[in-house]
Amino acid sequence: MYLKGFYETFSEHFFREEMRTTKKYKLNGRPSPRTKKAEFMLSDEEYEVINFYLKKYKITNRSRWFRETIMNQILKNMNMDYPTLFEENEMRR
């Protein structure tokens with residue numbers, strides 16, 4: 001009886017930790033960081049240009065690329081529109 005419990009515990013540990021070939025990534029109890037969905041339509045030409053770009057630069061994660069590209073553009077525009085103490089021509093003097 002004792003050996004049966006030991007064997008089950010050992011085998012669970014061994015197969016869970018030692019035999020794993022890929023690393024398991026976990027968010028430590030936090031929910032998925034992305035829960036909102038955004039969809040948009042593309043014309044055939046736009047779709048082909050995007051596919052060409054992704055193949056040329058060997059981008060495999062399309063979702064991450066779309067997200068990063070859109071967020072970079074938004075942050076760049078927000079940075080340019082940020083209110084300043086002086087006008088642009090006054091700062092160039």
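The values are calculated or read from the model by the stated rules, or taken from the named source; none is laboratory data. None of the values given here were measured: they were computed from a predicted structure. Note that each Cβ is placed from the backbone with ideal geometry, even for glycine, and that neighbours are counted across all protein chains shown.
Table for the structure above
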item	result
Which listed residue, of GLY5, GLY29, is in a loop (DSSP other than H, G, I, E, B) and either modelled with pLDDT under 95 or surrounded by 10 or more Cβ atoms within 10 Å (Cβ to Cβ) (or both)	GLY29
Check on LEU75, at pLDDT 70 or above, in contact with a helix residue (DSSP H, G or I) (Cβ under 7 Å, 6 or more places away or on another chain) and not basic (Lys, Arg)	no
Matching residues, the stretch 56-71, being loosely packed, with under 10 Cβ neighbours inside 10 Å and either of a type in the set (Phe, Trp, Tyr) or part of a helix (DSSP H, G or I) (or both)	LYS56, TYR57, SER63
